[in-house]
Amino acid sequence: MNLLILLIAPLVTALAILPVKGLKQVRAIALAGSLLQLGLTFATLMSFLSERSSGKTNEFLLEQNFAWYRDLNINFHLGVDGISIAMMLLTAFVVVAGVLVSWKMEKMSKEFFFLLIFLSMGAYGFFMALDLFTLFFFLEVAVIPKFLLIGIWGSGKKEYSAMKLALMLMAGSALVLVGLTGLYFYSDFHGTRTFDIVEISSRNIPLGVQQILFPFTFIGFGIFTALFPFHTWVPDGHSSAPTAASMFLAGISMKLGGYGCLRVATWLMPQAAQEYSTIIIVLASIGILYGAFATMMQTDLKYINAYSSVSHTSFVILGIAMLTKTAINGAVLQMISHGLMTALFFAVIGMIYERTHTREVAKLGGLLKVMPFISTVFVIAGLCSLGLPGFSGFVAEMTVFMGSWERIGLLYRIATIAGAASIVVTAVYILRATGKSIMGPVANQEFNGFSDAAWNEKLAAIVLVAGILIMGLAPFLLKDLINPGTEEIMQKIVSSIK
Amino acid sequence: MNEFFILMKQELVITLIIFILLFIKLSSKQWSNEKVLVLINVLLLLNLAAGFLFPDTGDLFGDMYRTNPLMAFEKNILNLGTLLISLQSYNWLKTHKHVPEFYMLLLSTLLGMFFMISSRHMLMFYLALELSTIPLAAMANFDLEKRRSSEAAFKMIISSAFASGLLLFGISLLYGATGALSFSALGETLRQYSPLHILGFIFVLSGFGFKISAVPFHLWTADVYEGAPVAVTSYLSVISKGAILFVFVTVLSTVFSVYGSSWYFMLYFLSVLTMIIGNLFAIRQQNMKRFLAFSSIAQVGFILIGITGQSLEGNVSVVYFVLVYIFSNLAAFGVISLISAVTGKETIDDYKGLYKTNPLLTWVLALALFSLAGIPPTAGFFGKFFLLLAGAGQGNYILIAIAALNMVISLYYYLRVVKAMFMDPNDHPIETIQADWKPKLALAICVIGLLITGLASGAYQYIYSLFVLN
């Protein structure tokens with residue numbers, strides 16, 4: 001299985017959309033393309049597992065390495081470990097669901113699906129990249145499609161949100177850029193300078209340099225994943241975006257940041273990660289609590305989910321900053337879980353909004369009687385969000401808490417307890433929103449005429465719910481996949497302490 | 001004699017074309033504009049092709065003139081840009097009364113730039129610089145009916161004269177201190193710091209600063225860009241600036257290489273100022289040409305970072321960035337010039353809703369702006385990344401962080417235009433533009449260029465190998 005196919009397939013799909021005319025043809029190509037991506041990701045998973053079981057011990061398998069800018073020693077280097085495959089699976093699921101949800105996108109449908117598929121290519125490239133330049137390239141590729149998706153197809157104050165999101169994410173990449181150039185020049189002390197991640201991880205960057213570069217890199221990626229206080233783009237961006245773009249933003253785009261924090265910042269600069277971990281833990285704890293309490297005050301369903309995303313992704317940062325194996329495993333699991341769950345949430349909210357034309361909790365009510373399927377899915381997403389056992393959220397958050405409990409010290413204890421306490425708050429706002437909008441009497445007589453989910457919407461929901469349930473009921477599948485990857489990262493961290 | 005023809009072939013071809021134009025102008029037969037334009041574009045194409053033949057290294061006129069494959073390539077970059085501008089301004093020139101004169105002036109300045117790139121002697125350099133600037137002022141006046149155009153020409157000539165004065169004063173101080181004028185002799189003599197040397201250097205630097213419109217020497221730029229015809233504006237912002245930058249790199253690395261540590265800080269401050277001021281002023285602009293004027297000032301700030309790198313990679317990235325910049329900026333100016341030639345509209349508000357009526361043009365302009373902002377997969381991303389990488393070689397991460405944050409500011413104003421084109425509603429959008437195939441071809445070349453030169457590393461590696469050869 002050649003990893004390049006995973007980049008070529010989305011690119012060809014996106015280009016194939018351009019010449020055709022008519023919504024039906026465009027969406028058919030987009031769906032076929034996204035299903036192809038899903039199939040290819042599974043094929044990658046299979047060949048990865050078979051290579052690993054055949055005894056290959058390399059951290060990264062299925063590597064593809066091409067010289068790109070030879071004089072600067074920049075390579076187009078791809079390769080996957082368990083963590084990146086898990087992230088790619090998440091991407092594939094969300095993209096399929098996103099295409100299905102946008103089935104009736106009448107306005108400039110061609111451009112819409114083009115940008116959506118193009119975004120997915122950026123995400124695959126980012127997760128597969130083993131060269132910092134390649135990684136950065138794919139990180140930035142995604143900025144403009146997001147801007148256009150929100151600005152053209154969004155709702156509410158869309159131009160403002162689109163601009164805010166683009167600028168904040170660009171600021172994030174700008175900070176990352178400083179970190180990357182620094183790593184390049186300090187990878188130098190035996191032999192040539194390099195951007196290769198594996199190569200840099202085997203060379204020890206001097207501590208003084210790490211102390212300068214780590215904040216740049218971590219905060220840069222942190223902006224992508226809503227690190228407090230740089231989370232302000234999240235509520236506006238997510239709630240203004242069209243449904244599929246919200247799903248992509250919250251489901252995948254925020255995970256780019258988490259993955260970068262782990263793979264680049266923490267893995268390549270482990271000593272600095274140790275030194276700065278207390279600050280990051282404090283920020284993450286604030287993010288968790290602040291996100292949860294801010295959600296309590298929201299009345300718009302999309303804002304509820306957007307603010308709760310801030311709270312949930314802060315668990316990712318908390319897990320990474322705890323620097324224990326279990327916690328990092330938990331962080332990765334939380335990325336996947338939150339990606340699926342939040343994509344499902346946004347999909348359902350989109351379906352409700354399409355029918356009722358409102359997202360205000362107060363104006364909704366009794367939806368269960370009118371649209372039972374959509375309401376059920378809404379409840380499932382809600383239960384997953386508040387961490388009910390049996391769903392993915394429980395597995396992920398539990399693992400983060402167990403991992404962070406392993407760290408001994410007052411601060412870590414307080415952070416863990418604060419995180420755990422936030423779940424109670426989560427339960428409050430989820431149950432309240434569910435109770436008001438789904439249960440009870442039908443709020444508006446107009447609602448009675450509304451239809452339940454169409455086949456495409458059902459399929460989108462089923463894909464995501466299946467992901468959530470598999471992860472929730474058989475967490476060992478995913479954990480076995482990502483465990484060798486986190487072990488490698490842990491080894492580097494442990495050896496750097498000595 | 002044979003050597004003379006081979007080494008100076010690029011200059012000679014340009015001279016030949018100028019004479020052909022003169023002949024056309026003076027001949028008794030009246031040529032129609034369209035015929036002249038077709039002929040000129042074919043000649044420019046041949047000129048570009050001829051530039052790639054027989055690259056050779058050698059000196060002429062007692063070390064006053066030097067050429068090598070790198071310089072030949074730099075001249076070819078300028079040739080390419082000139083051809084693109086000529087194709088793009090087809091719609092504007094078609095109805096103009098003085099087409100042969102326009103091209104005579106244009107090619108004279110190009111000739112001046114060629115000599116400037118090849119010069120190895122301060123006098124030669126100064127002569128070439130004047131040859132390249134004075135016709136430019138005449139060109140800025142080429143919208144003969146518009147007052148703004150003459151105003152631009154006047155501002156241009158005054159500020160150029162002032163800059164040349166500064167430069168000349170610097171050169172004379174250096175001559176007084178060292179008794180040498182050729183680059184190699186100056187480079188050998190300027191070994192230690194003496195006040196006179198430094199003073200001379202500062203004047204020379206200021207002269208260059210004017211020409212590349214680095215802050216605080218930028219004040220002429222916006223007015224001239226706004227008033228001049230679009231073709232001249234794009235020529236000023238791309239070709240003329242590119243040529244000066246090539247020479248700037250040569251002069252700094254041959255004549256003033258010893259002072260590296262001191263001009264590092266001068267360029268550092270110039271670059272920070274240029275980026276910040278250029279960006280902040282660009283945010284407020286309404287006129288597209290003024291907007292691109294300030295954006296091009298900010299771009300110069302980025303280029304200066306590459307020069308501060310003082311390394312092989314730094315110099316390569318400067319030449320590479322100029323190539324990329326030609327594609328990006330000419331794509332942007334191409335669209336603006338088409339719209340301005342057909343409708344006369346030039347403000348950002350006019351561009352609202354452009355996507356509804358001209359989707360392809362909108363995408364071209366959007367891609368060009370993304371490239372200027374440094375967003376992948378366009379070549380601008382690679383250009384900026386390599387400039388910053390070269391700058392980071394000095395270990396000054398504050399500079400890199402300032403530059404990176406400036407990229408965020410610049411993204412804001414580039415996206416403002418994108419937002420206007422794609423998202424803002426407009427009751428009276430610009431009508432669908434019917435263009436000749438020539439400007440379209442030029443735009444297509446630009447778009448292909450700004451997509452290919454980055455994703456494929458060929459151009460960069462070619463420039464790198466030329467520098468190694470040098």
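The values are calculated or read from the model by the stated rules, or taken from the named source; none is laboratory data. Being a predicted model, the structure only gives us computed values, none of them experimental. Note that we place each Cβ from the backbone using ideal geometry, even for glycine, and neighbour counts take in every protein chain shown. Side chains are part of the model used for accessible areas, which takes the heavy atoms of the whole protein and leaves out ligands, DNA and RNA. Shrake-Rupley method; radii C 1.70, N 1.55, O 1.52, S 1.80 Å.
A few points about this structure:
Residues are listed down the side, and each one gets a yes or a no for (1) under 30 Å from B:ILE198 (Cβ atoms); (2) open to solvent by 10 Å² or more (accessible area, probe 1.4 Å):
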| position | (1), (2) |
| --- | --- |
| B:PHE281 | no, yes |
| B:MET288 | no, no |
| B:LEU292 | no, no |
| B:LEU312 | yes, yes |
| B:VAL319 | yes, no |
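- Which listed residue, of B:ALA390, B:ALA368, B:ALA379, is away from chain A (no Cβ under 11 Å), within 30 Å of A:ASP188 (Cβ to Cβ) and open to solvent by less than 20 Å² (accessible area, probe 1.4 Å): B:ALA379
- Residues of segment A:420-454 that are open to solvent by 60 Å² or more (accessible area, probe 1.4 Å), closer than 30 Å to A:VAL99 by Cβ and part of a helix (DSSP H, G or I): A:GLU446, A:GLY449.
- Test result for A:LEU130, within 12 Å of another protein chain (Cβ to nearest Cβ) and either crowded, with 24+ Cβ neighbours inside 10 Å or free of Cβ contacts under 8 Å to residues at least 12 places away in the same chain (or both): no
- Hey, A:TYR276 out of contact with any Pro (no Cβ under 6 Å at 6 or more places or on another chain), within 18 Å of A:LEU207 (Cα to Cα), modelled with pLDDT of 90 or more and of a type outside the set (A, V, I, L, M, F, W, C) or not: yes
- Close pairs (6 angstrom Cβ cut-off, 6 or more residues apart or separate chains): over 14 Å from B:VAL272 (Cβ atoms) in segment B:391-413, among the small types (Gly, Ala, Ser) and surrounded by fewer than 22 Cβ atoms within 10 Å (Cβ to Cβ) anywhere: B:GLY393/B:SER311; B:VAL408/A:ALA171
- Comparison of A:LEU149, A:LEU207, A:LEU167 shows that the only residue that is surrounded by 21 or more Cβ atoms within 10 Å (Cβ to Cβ) and either in contact (Cβ under 8 Å) with a residue 60 or more places away in the chain or more than 17 Å from A:TYR259 (Cβ to Cβ) (or both) is A:LEU149.
- Subset tally (residues that are open to solvent by 10 Å² or more (accessible area, probe 1.4 Å), among the hydroxyl-bearing types (Ser, Thr, Tyr) and more than 19 Å from B:ILE40 (Cα to Cα)) for segment B:87-129: 1
- Qualifying positions in segment B:450-470 - within 30 Å of B:TRP363 (Cβ to Cβ), in a helix (DSSP H, G or I) and not polar (S, T, N, Q): B:LEU450, B:LEU451, B:ILE452, B:GLY454, B:LEU455, B:GLY458, B:ALA459, B:TYR460, B:TYR462, B:ILE463
- Residue list for segment A:138-156, restricted to those being part of a helix (DSSP H, G or I) and either under 18 Å from the mean Cα position of the chain (by Cα) or more than 9 Å from chain B (Cβ to nearest Cβ) (or both): A:PHE138, A:LEU139, A:GLU140, A:VAL141, A:VAL143, A:ILE144, A:PRO145, A:LYS146, A:PHE147, A:LEU149, A:ILE150, A:TRP153
- Residues within segment A:63-90 that are outside any helix (DSSP H, G or I) and in contact with a Lys or Arg (Cβ under 8 Å, 6 or more places away or on another chain), tallied: 1
- A:GLU159 meets all of the listed conditions (1) more than 10 Å from chain B (Cβ to nearest Cβ); (2) open to solvent by 30 Å² or more (accessible area, probe 1.4 Å); (3) in a helix (DSSP H, G or I) but one, namely (1).
- Being β-branched (Val, Ile, Thr) and open to solvent by 10 Å² or more (accessible area, probe 1.4 Å) is true of A:ILE286.
- Applying the condition of being within 20 Å of B:GLY306 (Cβ to Cβ) and either in contact with a strand residue (DSSP E or B) (Cβ under 9 Å, 6 or more places away or on another chain) or not in a helix (DSSP H, G or I) (or both) to segment B:220-266 and asking which residue is modelled with the highest pLDDT yields B:VAL247.
- Test: residue in segment A:179-187 that is among the hydrophobic types (A, V, I, L, M, F, W, C), open to solvent by 10 Å² or more (accessible area, probe 1.4 Å), within 28 Å of A:SER34 (Cβ to Cβ) and over 20 Å from the mean Cα position of the chain (by Cα): no
- Taken as a whole, the condition of being closer than 23 Å to A:LEU148 by Cβ and more than 9 Å from chain A (Cβ to nearest Cβ) applies to B:THR432.
- Here B:ALA138 fulfils each of the conditions (1) open to solvent by 10 Å² or more (accessible area, probe 1.4 Å); (2) closer than 23 Å to B:ILE463 by Cβ; (3) modelled with pLDDT of 85 or more apart from (2).
- Of all residues making up segment B:28-50, the number that are of a type outside the set (Gly, Ala, Ser), farther than 17 Å from B:TRP92 by Cα and assigned to a helix (DSSP H, G or I): 7
- From the options A:ILE408, A:ILE417, residue that is open to solvent by 50 Å² or more (accessible area, probe 1.4 Å), assigned to a helix (DSSP H, G or I), over 22 Å from A:GLU446 (Cα atoms) and without any contact (Cβ under 8 Å) to a residue 12 or more places away in the chain: A:ILE417
- Selection count, segment A:396-417, where residues are at pLDDT below 90 and under 16 Å from A:LEU469 (Cβ atoms): 0
- Unique residue being under 30 Å from B:PHE269 (Cα atoms) and either within 11 Å of chain A (Cβ to nearest Cβ) or within 23 Å of the chain's Cα centre (by Cα) (or both) when the list is B:ALA420, B:ALA341, B:ALA373: B:ALA373
- Filter result for the condition that a residue is of a type in the set (Phe, Trp, Tyr) and open to solvent by 10 Å² or more (accessible area, probe 1.4 Å), over B:TYR264, B:TYR259: B:TYR264
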